[in-house]
Structure formats: C-alpha cells, structure tokens
Amino acid sequence: MLRIGHGYDIHRLVEGRALLLGGVHIDSPRGLLGHSDGDVVMHAICDAMLGAMGLGDLGQHFPDTDERYHGIAGSELVRHVVTLMRDQGWTVVNVDVTICAEQPRLAPHRAAMRLRIAALLGADITGISVKATTNEGLDAVGRGEAIAATAVVLMESV
C-alpha cells in the first residue's frame with residue numbers, strides 16, 4: 001500500500017537565532033523564531049509523514065505548550081516520527097521539499113540538506129529532493145520576514 005502526505009510550515013525570521021533548514025546550519029544574521037529550533041523543513045517533513053500515516057500533525061505530538069519541547073531540534077522531531085513510522089510498518093519512498101525564502105541563498109546548502117534528511121529517514125538520497133524558490137517580493141516571505149517550506153512524502157507499507 002502507498003500513501004502520500006503533505007506538510008507545510010512557516011516561521012518568522014528574527015535577530016539572534018541560528019538559522020537551521022533541513023538540519024543544516026545556514027550562515028545568516030537572522031534565524032527562525034519558534035518553540036523548537038524553527039526548522040521549517042523538518043517540521044514540514046514531519047507533518048507530511050504523520051499525515052500519510054493518519055497520525056495527526058506535529059502540534060498533536062509536540063505541543064508548543066509543553067516545555068519539554070522548548071528548543072528541540074527539528075532532527076529530533078523527525079527521529080520521533082521515524083520511530084512511529086517503523087512501529088506502524090511504513091517506510092519512506094521519497095520526499096520532495098520546497099523552501100520559500102528571499103534570503104539567504106539556499107542553493108549551496110541543498111546537497112547537505114538532502115544528505116541529512118536521507119540519513120534521518122533511512123532513505124536513499126536519490127529519493128530526497130530539496131528545492132528553493134522566492135515569493136517574488138509578495139507576502140511575509142517575499143518581504144523577508146519569514147521562511148516557509150512544503151513537503152510531499154510518499155510512503156509504502158512494509
């Protein structure tokens with residue numbers, strides 16, 4: 001059996017925070033504000049996987065009202081979802097991520113993100129795609145106030 005899941009996340013950019021995308025540190029004067037590390041790529045992947053398995057969303061598993069998750073790394077959230085995935089008898093076939101950001105330039109970091117995501121998911125890197133685009137100056141992302149990501153995941157029961 002195959003299932004598709006879709007995930008989306010957006011976080012505001014602020015001074016004084018590290019910028020992590022796809023589990024990779026990106027040199028930037030601003031990072032993403034959030035109860036966790038704000039890694040919109042990892043959050044979108046988690047939501048897509050949870051959706052494909054019919055297990056709700058990230059907020060149900062890691063509520064931002066729970067101090068245990070304050071500052072948690074997106075990679076730790078993915079590890080938790082991967083454990084649920086294996087317990088439920090699923091595996092990842094492929095992941096397709098799109099990051100929407102005006103700054104910084106993300107092309108130099110896509111290969112590292114693909115490697116990190118593949119390692120966390122236990123997936124073949126050929127099934128991991130990371131793309132970046134801008135919002136052409138439109139909305140909060142386009143004004144450089146936020147970064148967003150979408151993820152589509154194909155999962156197979158094993």
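The values are calculated or read from the model by the stated rules, or taken from the named source; none is laboratory data. Treat the numbers as computed from the prediction; the structure is a model and nothing was measured. So basically every Cβ, Gly included, is an ideal-geometry build from the backbone, and we count neighbours across all protein chains shown. For accessibility, only protein heavy atoms count, side chains too; no ligands or nucleic acids. Shrake-Rupley method; radii C 1.70, N 1.55, O 1.52, S 1.80 Å.
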Pairwise centroid distance, computed over Cα atoms, of region 30-58 with region 116-148, Å: 12 Å
Glu145 paired with Leu115, simple spin-label distance in nm, labels 7 Å along Cα-to-beta-carbon: 3.7 nm
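Does region 60-120 come out rounded, prolate or oblate by the C-alpha gyration tensor, with a ≥ b ≥ c the root eigenvalues, rounded set by a/c under 1.5 and, if not, prolate when a/b is larger than b/c and oblate if not?
Details: a/c = 2.43, a/b = 1.25, b/c = 1.94.
Judged from the Cα gyration tensor, region 60-120 comes out oblate (a/c at least 1.5, b/c at or above a/b).
Kindly provide the helix-only [θ] at 222 nm of the chain, computed as the sum of -39,500 (n - 2.57) over DSSP H runs of four or more divided by all residues, to the nearest 500 deg cm²/dmol? The partial results should precede the final answer.
Working: 5 runs with 48 residues, N = 158.
Calculated from helices alone, the mean residue ellipticity at 222 nm is -9000 deg cm²/dmol.
Between Leu154 and Gln60, what's the calculated FRET efficiency when r is the beta-carbon distance and R0 is 25 Å? Round to 0.05. All intermediate terms of the calculation are to be shown ahead of the outcome.
Numbers: r = 22 Å, r/R0 = 0.89.
After rounding to 0.05, the efficiency reads 0.65.
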Signed unit charges on C-beta, dipole axis of the chain, positive-most listed residue Ser157, Ala140, Asn94: Asn94
Fraction of accessible area attributable to carbon and sulfur, the chain (%, probe 1.4 Å): 51 percent
Listed residues Gln60, Pro104, Gly31: farthest to the positive end of the dipole of the chain (Cβ charges): Pro104
Cα centre as origin, Lys/Arg/Asp/Glu Cβ charges: the chain dipole, Debye: 380 debye
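Rounded if a/c is under 1.5, else prolate if a/b is larger than b/c, else oblate: which is region 46-158, with a ≥ b ≥ c the root eigenvalues of its Cα gyration tensor? Display every interim value, and only then the final one.
On the way: a/c = 1.99, a/b = 1.34, b/c = 1.49.
Oblate, since a/c reaches 1.5 and b/c is not below a/b.
With a/c under 1.5 counting as rounded, go ahead and sort region 14-105 into rounded, prolate or oblate using the C-alpha gyration tensor (a ≥ b ≥ c being the square roots of the eigenvalues; past the cut-off, prolate if a/b is larger than b/c, else oblate). Please list the in-between numbers first.
Numbers: a/c = 2.45, a/b = 1.50, b/c = 1.63.
Since a/c reaches 1.5 but b/c is at least a/b, the shape of region 14-105 is classed as oblate.
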Beta bridge orientation in the chain: antiparallel %, DSSP, nearest 5: 80 percent
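Just the number please: accessible area per residue for region 42-158, 1.4 Å probe, all protein chains included, in Å². The partial results should precede the final answer.
Details: 5540 Å² over 117 residues.
Spelled out: the 1.4 Å probe surface of region 42-158, per residue, equals 47 Å².
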